[in-house]
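Report on the following structure.
Bear in mind these aren't lab numbers, they're just calculated from the coordinates by the rules spelled out. From a predicted model like this one, the values you see are computed outputs, not experimental measurements. Glycine gets a Cβ as well: all are built from the backbone with ideal geometry, and neighbour counts include every protein chain shown.
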Amino acid sequence: MTIIDSESVDLTTPTGLMRTSLVRPAAGGRYPGLVLYSEIFQITAPIRRIAAMLASHGFVVAVPEIFHELEPAGTVLNYDEAGAARGNQHKITKTLSSYDGDARAALDYLASSPHCTGKLGAVGVCIGGHLAFRAAMQPDVLAAACFYATDIHKRSLGQGMHDDSLDRIGEITGELLMIWGRQDPHIPREGRALIYHALSEAGVQFQWHEFNAAHAFMRDEGPRYDPAVARICYDMTLELFHRRLGEDRT
């Protein structure tokens, strides 16, 4: 593991500036790039710790504010009922094209960074898992890790609550790591089965892991956190990205 540097930049997107946290190894050289997507609460302390962990293992990590059009830059929603209600409303107010435009802006920024090799991946939790899933539809995303990705089975992401993520699975050319909690009420067994069969039918390369855990078991705050399972999941995530993205220190 290595010492890291962090900074914030405002990236231009079709719907305005997107505040993005950048975390990377302090040592010189070029590293693979990852877009890390947060929960509906945006860039909270647990999300920053995930970014730091990934960067310390040799990645340039970009963490965008997923609701940048709807909240002032730097806004973090609280882990409470009001914060959840606000985030869930934003989730279905923002358009699908805006989510996809944000992904392209973050990926392009990483690809052009002097600190990045140009090999790109995506990772996310909750809504971020769904956004990482959609980012994997971009042809330059070589791998994506999706933790308890919400709304895929319900097609309920974005304005209109009728997303096309299931329909576009055939556009995914990289490898997916799909991780779920069996006690997660947001993605029941039937929903997970729908996604599994859609991926299989499309011939996507993917790993599939289910744990006896609740929703948000990766978040290192609150009663649902399962540190033992989280460590296993982080090890699988690092294996995926090191294997698929490689490393270039020239």
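Taking the Cα centre of the chain as origin and assigning +1 to Lys and Arg Cβ atoms and -1 to Asp and Glu Cβ atoms, the resulting dipole is close to 260 debye.
When each of the peptides 208-214, 240-246 is scored by the mean number of other C-beta atoms lying within 10 Å of its residues, the order from highest to lowest reads 240-246, 208-214. Expressed to the nearest 5 percent, the antiparallel share of DSSP beta bridges inside the chain is 35 percent.
Residues Glu171, Glu71, Glu39, arranged from fewest to most other Cβ atoms within 10 angstrom of their Cβ, appear as Glu171, Glu71, Glu39.
Under the membrane-span-like helix rule (DSSP H runs whose alpha carbons stretch at least 15 Å along the helix axis, mean Kyte-Doolittle hydropathy 0.0 or higher), the chain yields 45-56, 227-245. Each Cα pair under 8 Å and six or more residues apart adds its separation to the average, and for the chain the resulting relative contact order is 18 percent.
Other residues within the sphere of radius under 9 Å centred on the Cβ of Leu22, judged by their own Cβ, net out at -1 (K and R +1, D and E -1). Along the axis of the charge dipole computed for the stretch 4-245 (Cβ charges of +1 for Lys and Arg, -1 for Asp and Glu, origin at the Cα centre), the listed residues Asn88, Thr15, Ser113 are led at the positive end by Ser113. With the helix formula -39500 (n - 2.57) applied to DSSP H stretches of n ≥ 4, the chain reaches a computed 222 nm mean residue ellipticity of -11000 deg cm²/dmol. Taking Lys and Arg as +1 and Asp and Glu as -1, the other residues whose beta-carbon sits under 14 Å from that of Glu65 total 0.
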